[in-house]
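Novice: Please read through the structure below; I'll follow up with questions.
The values are calculated or read from the model by the stated rules, or taken from the named source; none is laboratory data. Nothing here was measured: the structure is a model prediction, and the numbers come from that model. Methodologically, a virtual Cβ is constructed for each residue, glycine included, from the backbone with ideal geometry; neighbour enumeration extends over all protein chains shown. What goes into the accessible areas is simple: the full protein's heavy atoms, side chains included, and nothing from ligands, DNA or RNA. Shrake-Rupley method; radii C 1.70, N 1.55, O 1.52, S 1.80 Å.
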Amino acid sequence: MSLPHLADPAGRYRTMRLIRSFEELALEWVRAGLVVGGTHPYIGQEAVAVGVCAALEPADQLTSTHRGHGHVLAKGADPARLLAELLGRVGGLNGGRGGSMHAADFSLGILGANGIVGAGAPIAVGAAWAARRRGEPTVVASFFGDGALNQGVLLESLNLASIWRAPVVFVCENNGYATTLPAGAAVSGSACGRAEAFGIPAETVDGMDVEAVRAAAGRAVERARAGAGRRSWSA
């Protein structure tokens, strides 16, 4: 069963509009000094979060990034509680203590945004491995940016996920820049090449097309849930 609010094109569109409106409001409040510490907006990447989450089931989980409002909202978090979290209010998702970069809601399978580049990947692998050990059909989606492609922790996570056949779907949101550093100046090879090096099936999809993302994520989620997220090696 898919997430109810993302079950049809209208719902997916409404959720993308929600994310965009939320981020525009958050930026206004940052400029007004109401949000302490700033925020990293998800504007322009809405179709990725919504397309991936549309392929997940309610019991599935995700790990996010420092630019994570879109993932959290797409999985179904209450926007009012997320906004309260940004404002440091006790009614926020984490009692106002996590702020913009550490929003989580375990009841919805949102294991947390993370201010450390690539740090969500090992959390996702651990959660997926634990679910598999418990006999649960849970899939974990792990979002990361192109800036994480050279982080050792991501590569270690890919390796373990492949060896353990952990039901993780790794989602690289390649917007072309790690803050201000162009990916072309920092990344040798490709995102898909990283996965393929560990025997993990990978594909590139247009991140501006929510239906294309949903279709690709659906294939990946199906493989992961079936324990088929690893290609066999041949000598």
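Novice: Could you check how much of the accessible area of segment 44-101 is carbon and sulfur, as a whole percent, using a 1.4 Å probe?
Specialist: Ligands and nucleic acids excluded, carbon and sulfur give 50 percent.
Novice: Past the 22 angstrom mark, what percentage of all C-alpha to C-alpha distances in segment 51-138 do you count?
Specialist: Numbers: 925 of 3828 pairs.
Percent of Cα pairs beyond 22 Å in segment 51-138: 24.
Novice: So how strong a dipole does the chain carry about its Cα centre when Lys and Arg Cβ are +1 and Asp and Glu Cβ are -1, to the nearest 20 debye?
Specialist: On the way: 21 positive and 20 negative charges, 107 e Å.
My answer is approximately 520 debye.
Novice: Also, I was wondering about something else. At what distance in angstrom do the alpha carbon centres of segment 1-64 and segment 167-189 lie from each other?
Specialist: Taking the Cα centre of segment 167-189 as reference, the centre of segment 1-64 is 20 Å away.
Novice: Debye sum, Cα scatterers, segment 169-230, no solvent: what log₁₀ I/I(0) at q = 0.19, 0.27 1/Å?
Specialist: -0.80, -1.18
Novice: Another question about this same structure. Among Trp29, Trp164, what's the order by accessible area (1.4 angstrom probe), most exposed first?
Specialist: Sorted by accessible area, descending: Trp164, Trp29.
Novice: Considering only protein heavy atoms and a probe of 1.4 Å, how much of the accessible area of segment 123-235 is carbon and sulfur, as a whole percent? Walk me through the numbers on the way to the answer.
Specialist: Working: 3190 of 5910 Å².
That share works out to 54 percent.
Novice: For the chain, give me the percentage of DSSP beta bridges that are antiparallel, rounded to the nearest 5 percent.
Specialist: Of the beta bridges lying entirely in the chain, close to 25 percent run antiparallel.
Novice: Below 8 Å, C-alpha to C-alpha, sequence gap of six or more: please give me the relative contact order for the chain in percent.
Specialist: With pairs under 8 Å counted, the relative contact order is 19 percent.
Novice: Moving on to the next point. The chain: D in µm²/s via Stokes-Einstein (Kirkwood Rh, Cα pairs, 25 °C, 0.890 mPa s)?
Specialist: The estimated diffusion coefficient comes to 138 µm²/s.
Novice: Now for a different question. Per Stokes-Einstein, at 4 °C and 1.567 mPa s, what whole-number D in µm² s⁻¹ belongs to segment 144-203, with the Kirkwood radius over Cα pairs as the hydrodynamic radius?
Specialist: 109 µm²/s
Novice: Give me the 1.4 Å probe accessible area per residue for the chain, excluding ligands and nucleic acids, in Å². Kindly include the intermediate steps, with their values, before the conclusion.
Specialist: Values: 11120 Å² over 235 residues.
With the other protein chains kept in place, the chain gives 47 Å² per residue.
Novice: Can you check what the Kirkwood hydrodynamic radius comes to for segment 27-90, Cα pairs only, in Å to one decimal?
Specialist: The answer is 12.8 Å.
Novice: How big is Rg to Rh over segment 102-177, alpha-carbon atoms, Rh as the Kirkwood inverse-mean-distance radius?
Specialist: On the Cα set of segment 102-177, Rg over Rh gives 0.97.
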